[in-house]
Ligand code: SAM
C-alpha cells in the first residue's frame, strides 16, 4: 500500500472537501504518517474516514476531527499548547509540526509508552508527555496559548480556563457520554470567556477528578 497516496486522498476527500482550508494544517496532515500510530492489523485502514481502536478501549480520532480541532486552535506558529488525552499520539504529532511545544497528558501508561516510541521514531523533540489525570491541566507549564481536549467530559473543568493565556482558545468536547458538543472557549482581555459551539461529536470519556469517575458505559 502506498501510504503517501492514501494520505493525499484522505486530505482531499475527507478534509478539504469538508471545508478545512488552513494550509499549515493540511500540510501537517500530509506530512504525518498516521499508519504508524495504529497497530499493524489496522494499517490498511489508517487513512479511512473513521476513528480506529488503539487498545485499552480507546481510539485514534477520525482524521476530520483531528483536522477540525487543530484548525479551531487558530495556530500561527510559536505557541505552547496543552493536549489532554495523548492516545495514539497522532494529534500530538500534528500539533508538534505547527507549534513550538506540545504538553500532552495521557492517563493510561501503556498508551503513553507506545506514543512516546512513535515520537522518538519520528524524532519529535518538542513534545513533553506525562502520564496522569489531565482533568486538572498542567499547572507547572501554564498559561498555555491553547488547550485541546480529545476526550469528552460532563463539564469544562475550571482548571482548563485558569490555565489559558489571554486570547487563547480551549477546544473541548462537553456533554453526555454518548454525544457531546465540541466547544471553543476563548479567554478575553477583560477576563471573561467567549463560548462557541462548533459541532456535534462523540468522544471516549474524559475520566478523572474533574471528569467522569469511571469508564462504565
Ligand atoms: N488525540 C488522540 C489520538 O489522536 O489518538 C485521541 C485519543 S482518545 C480519543 C482519548 C484519550 O484520552 C484516551 O487515550 C484516554 O485514555 C485519554 N484520557 C481520558 N481521560 C483522561 C484524563 N483525565 N487525562 C488524560 N488522558 C485521558
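Taken together, the values in this text are just the output of simple stated rules run on the coordinates, not laboratory data. Note that this is a predicted model, so its numbers are computed, not measured. All Cβ positions, even for glycine, are placed from backbone atoms using ideal geometry, and neighbour counts span all protein chains on display.
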Prolate/oblate/rounded label for segment 94-151 (Cα gyration tensor, a/c 1.5): oblate
Fewest-first ordering of 48, 100 by Cβ atoms within 10 Å yields 100, 48
Given a Förster radius of 30 Å and the C-beta distance between residue 1 and residue 117 as r, what FRET efficiency does 1/(1 + (r/R0)^6) yield to the nearest 0.05? 0.85
May I ask for the angle, rounded to the nearest 10°, between helix 63-72 and the longest principal axis of the chain, with both axes built from Cα atoms and the value confined to 0 to 90°? 40 degrees
Taking Cα atoms, the helix 109-121 axis meets the longest principal axis of the chain at an angle in degrees (rounded to 10) of 60 degrees
Given only helices, namely DSSP H runs of n ≥ 4 each adding -39500 (n - 2.57), what is the per-residue ellipticity at 222 nm of the chain, to the nearest 500 deg cm²/dmol? -7000 deg cm²/dmol
For the chain, the Cα gyration tensor yields equivalent-ellipsoid semi-axes (√(5λ), largest first, whole Å) of 25, 19, 17
Percent relative contact order for segment 51-201, counting Cα pairs under 8 Å at least six residues apart, stands at 18 percent
Starting from the 7 Å offset along Cα-to-Cβ, what nm value, one decimal, do you get for the label separation of residue 24 and residue 179? 3.5 nm
Centre separation in Å (Cα based) which lies between segment 128-167 and segment 16-94: 19 Å
